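What follows is calculated from the coordinates using simple rules that are stated; it is not laboratory data. Since we're looking at a predicted model, the values are computed, not measured. A quick note on method: Cβ atoms are made from the backbone with ideal geometry, for glycine too, and the neighbour counts reach across all protein chains shown.
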There are 4 protein chains.
Amino acid sequence: MKNTQINVIEEINLDNPIFIEALPGIGHVGKLAADHMIDELGATKFAEIYSPHFPPQVFVGEDGIIECMVNELYYLKSQGENSQDFILLVGNTQGLSPEGQYELCGLILDFIESYGVKQLFTLGGLATGKPVEETKVFGAATNLENIELLKEAGIEIRSADGGIVGASGLILGLGKLRNMSGACLMGETPGYFIDAEAAEAILQKLSLILKFNINTDELEERAEETRKLLNQAQQMEQDMVNKSMGQSDDDLRYIG
Amino acid sequence: MKNTQINVIEEINLDNPIFIEALPGIGHVGKLAADHMIDELGATKFAEIYSPHFPPQVFVGEDGIIECMVNELYYLKSQGENSQDFILLVGNTQGLSPEGQYELCGLILDFIESYGVKQLFTLGGLATGKPVEETKVFGAATNLENIELLKEAGIEIRSADGGIVGASGLILGLGKLRNMSGACLMGETPGYFIDAEAAEAILQKLSLILKFNINTDELEERAEETRKLLNQAQQMEQDMVNKSMGQSDDDLRYIG
Amino acid sequence: MKNTQINVIEEINLDNPIFIEALPGIGHVGKLAADHMIDELGATKFAEIYSPHFPPQVFVGEDGIIECMVNELYYLKSQGENSQDFILLVGNTQGLSPEGQYELCGLILDFIESYGVKQLFTLGGLATGKPVEETKVFGAATNLENIELLKEAGIEIRSADGGIVGASGLILGLGKLRNMSGACLMGETPGYFIDAEAAEAILQKLSLILKFNINTDELEERAEETRKLLNQAQQMEQDMVNKSMGQSDDDLRYIG
Amino acid sequence: MKNTQINVIEEINLDNPIFIEALPGIGHVGKLAADHMIDELGATKFAEIYSPHFPPQVFVGEDGIIECMVNELYYLKSQGENSQDFILLVGNTQGLSPEGQYELCGLILDFIESYGVKQLFTLGGLATGKPVEETKVFGAATNLENIELLKEAGIEIRSADGGIVGASGLILGLGKLRNMSGACLMGETPGYFIDAEAAEAILQKLSLILKFNINTDELEERAEETRKLLNQAQQMEQDMVNKSMGQSDDDLRYIG
């Protein structure tokens, strides 16, 4: 397998869709939020991505069934007051090498652009490395209009403050080069466990911005389940991604 | 040398062959088991694989003769009650970089698919990091039918429990994407020596599933010989593979 | 994004331009000097470089605005007694992998050669790892004529003394293979903070050699601003570059 | 610069030439021996190799002159009783990444094969990590005929004993796949300084096997000079190669 492949499962047409990225990262904050959105709002998987830039491994899932490293694209028809559809990107891994990350994020942008995406949201965690009293959501964006949107939703703007490492940053950066508009929402998290509270905080802000309703009652339950299922595997995964990104345990402020 | 090359030594036709992967990994469990199968059952080498994704080195073998890094494919005509033929993959190394592993596993699947392979077995060790009282064999599979097969043979199913790193995992994962059916057998091993008992335990389960007979009397002898011949070289090799996989000594539960 | 791209913003003609490279490195010495030149002398950006060989991340700049990893090319019309124009290369990152560095430096040389560049200057810091009493500027060059030029400006010649790692070295080395003439100016710096004094020392020598005038009064202020803006982000960046270059904290003498 | 380039300086015809590889490695044993051969016997440089797989840096040589990372090919007309000509490969670096090593060694074999080379010798050091009383020379080879040649010259054969990492191993391994005949001579060395005695020991054995005469009186002087010139730079270089090979200080037995 030399090339990344995107397998389209269902041919669809979407109405001016908004893209939401939530690949695994610190505290599984983004992933947990997006997985919950997919389940609660009934999103449908329409494409899968396999890549030689993913870690060379598989996960052992429930009942001993082997799961490939994969990124998955779901769509969701317009919600609540918002007439726009959604595309969500989730998965069990990110690209491993720097060049792999660039290629994958570029291919993903090519793909979603073909559905008419012009707006990008990326979800992640912002690790504090210590317990968090009340979860704050931090934000950054590709333009000042989006910064205003984030502020109106009560999101604290990061300013001249570090970087955003991995797909959550690169999707926005490469999107900006294509004149796509984007923002990143980062839920404050200790970073060393699967954090339902940070995921909930992100979902509340996202639903406020994008004007949809979502019930987050079962988010803690989902977090617990995720903890049980993915604990070891994801820790391993995270370790590899961190290593390949040049991150150590001291770099907890950076976003995966 | 920019591309992986597969040199076919003998043109053969095989009857619905079963593929068995046993490249070097933890405790040399899979490799030892497959090397024993090859010798005891009289398998014939029919292809060799050389790759720029292998470590940039050679081994010094017996009598000071230099050996290339190589993967080797053997075939074995149907055994016992089983009418299917076998293809075995062994060697002194695995791909080093993540992208290299993906390319190699993809090429190997292309190659064996051309012989009609539809079933994959991968053999490895599951490191405990401490002495093992009675060697258990653990399993995972690409589908529930195979999980049942493993259970019937008394193999303990791993469930939502970590990953399988390297060729043993990736061959199954990439095979699953091609609708090949597969299972992994992992012999429990302390992981820090060449473990004949774990190899024997795997061979017993494999011969039960695949309905062939094999005498394992000389397995300990072979292990001893392997220890003498490969000790240093393989340790070096293993270190490089582990490093490139992002594994440290703490990751002993993962399978090479 | 599989390939490095150079986006030309303005089509220009330059008169026998001199090229000055000042990508981020130890103590930000070169970058600070070049950024000051650009502002003080009013240079104009005419091209941007984006590359999959940059780190897979973005920076969060002022007001929470996301900034891509980028290299930028500015031009400056002839200054003072010197009838030659200038091209300056600055940015917030360097190539990460060795192969990426070679590709980027080669593409940059292709690009500037098309503007008629025959002379190369690269600016960097030479880390001492301890406080510097009086900042010295060290130099090396591709030929003896340039060594003489450096000596005449009171620059201390390094002799048989280590290497120059990264773009500051590679631009000169690959340029030499194209018969371009080049020199490297390195300001002595402790290496662990953004060093305005080393940048000023370099600028004084460079303006002496290239016969232009520059006011350095506001350099300390700029350094302070840079410290505030880039502290965390650049530290992260530098860590990644250092790691990819195989440098550890013990290698402080080498130039990034 | 995306591709390795071999610049031919002089078009030559050689008579059944023997190839001798001596790129930098442990204790600079091979390099020192080959550099001495080149000077003493008056070899002529006829080609240079530049590659994106070399470290992304330059060295600062005598008088502050910048030197590219380079491999160089010299030829030497037949010496003493031997009617065969020689090609020597020397340089200040080796390929950095595993894939880079494979590509470089493959290209070098392509190139020398075009001159009719059928016999390969590679020179290196075998690090003991502690003082060596009387320098032994160890050997390995691609076939038993060469093993006999080595034994006749009083070289101790390594047997089933570790690997040969880097160009010294890979040239032989990839050469063997092309039916070239080869041997490796390794001078025992503590490994942590530039070792003239080990280089002399290798040269004595090599001159015995290849039937040429060489005066080694000035070898210690050359070693001293090399120590002065290359100490820092080569240490840096060696560190990078070691790291990229997955070697640590504990792996002193392996050959660079």
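May I ask you to derive the FRET efficiency for C:Lys45 and A:Arg178 from their Cβ-Cβ distance with R0 = 22 Å, giving the value to the nearest 0.05?
The formula returns an efficiency of 0.65 here.
Taken along the Cα-to-beta-carbon direction at a fixed 7 Å, the label points for A:Asp15 and C:Glu62 span 4.1 nm. Summary of packing: across the peptides B:8-19, A:12-23, the per-residue average of other C-beta atoms within 10 Å ranks them, highest first, as A:12-23, B:8-19. Summary of the geometry: segment C:102-124 and segment A:89-158, compared by the centres of their Cα atoms, lie 35 Å apart. In segment B:1-76, inverting the average of 1/r over every pair of distinct C-alpha atoms gives 14.2 Å as the Kirkwood radius.
Within 10 Å of the Cβ of each residue in C:93-99, the mean number of Cβ atoms contributed by other protein chains is 6. All other residues whose Cβ lies under 11 angstrom from that of D:Lys45 are scored, Lys and Arg at +1 and Asp and Glu at -1, for a net of -3.
Take every Cα pair under 8 Å whose residues are at least 6 apart in sequence, average their separation, divide by the length of segment A:5-232, and the relative contact order is 26 percent. Per residue of chain B, the DSSP helices (runs of n ≥ 4 H) give a summed -39500 (n - 2.57) that works out to -11500 deg cm²/dmol at 222 nm. Counts of other chain beta carbons within 10 angstrom of each beta carbon in peptide B:136-147 average 3. Legend: mean number of C-beta atoms from other chains within 10 angstrom of residue C-beta atoms, peptide B:164-175, equals 5. The overall shape of segment B:127-201, judged from the alpha-carbon gyration tensor, is prolate: a/c is not under 1.5, and a/b is greater than b/c. If a spin label sat at a point 7 angstrom from the Cα of A:Phe193 along the line to its beta carbon, the backbone N atoms of segment A:35-60 nearer than 20 Å would be those of A:36.
When the charge dipole of chain B is built from unit charges on Cβ atoms (+1 for Lys and Arg, -1 for Asp and Glu) and taken about the Cα centre, the candidate among B:Gly80, B:Ile12, B:Phe212 whose Cα reaches farthest toward its positive end is B:Ile12. The overall shape of segment A:5-232 is rounded: from the C-alpha gyration tensor, with semi-axes ordered a ≥ b ≥ c, the ratio a/c is less than 1.5.
The phi-based Karplus calculation (6.51 cos²θ - 1.76 cosθ + 1.60; θ = phi - 60°) puts the 3J(HN,Hα) values of segment D:70-78 at 7, 10, 10, 10, 10, 10, 8, 6, 3 Hz, whole numbers, x for Gly and Pro.
Count the net charge of all other residues whose Cβ sits under 11 Å from the Cβ of B:Leu120, scoring Lys and Arg as +1 and Asp and Glu as -1. My count for the surroundings of B:Leu120 gives +1.
Peptides C:33-43, B:28-38 ordered by packing proxy, namely the average of other Cβ atoms within 10 Å per residue, highest first: B:28-38, C:33-43.
By DSSP, the beta bridges lying fully in segment A:95-200 are antiparallel in about 30 percent of cases. Each residue of the protein assembly as shown gets 173 Å³ once the volume of the Cα convex hull is shared out per residue.
In terms of its C-alpha gyration tensor, segment C:98-159 comes out oblate, because a/c is 1.5 or above while a/b does not outweigh b/c.
Once the C-beta distance of C:Lys2 and D:Glu133 is scaled by a Förster radius of 51 Å, the resulting FRET efficiency is 0.35 to the nearest 0.05.
Here r is the Cβ-Cβ distance between B:Ser83 and B:Asp110 and R0 is 35 Å; the resulting FRET efficiency, rounded to 0.05, is 0.90.
Among B:45-51, D:115-121, the peptide with the highest mean count of other Cβ atoms within 10 Å heads the list, and the full ranking is D:115-121, B:45-51.
Relative to the Cα centre, the charge distribution of segment B:5-231, modelled as +1 at Lys and Arg Cβ and -1 at Asp and Glu Cβ, gives a dipole magnitude of about 700 debye. Charged side chains reduced to their Cβ positions (Lys and Arg at +1, Asp and Glu at -1) give the protein assembly as shown a dipole of some 1160 debye around its Cα centre.
Annotation for A:Leu208, label-to-label distances across the other copies: 5.9, 5.9, 8.3 nm (shortest first, one decimal, point 7 Å from Cα along Cα→Cβ).
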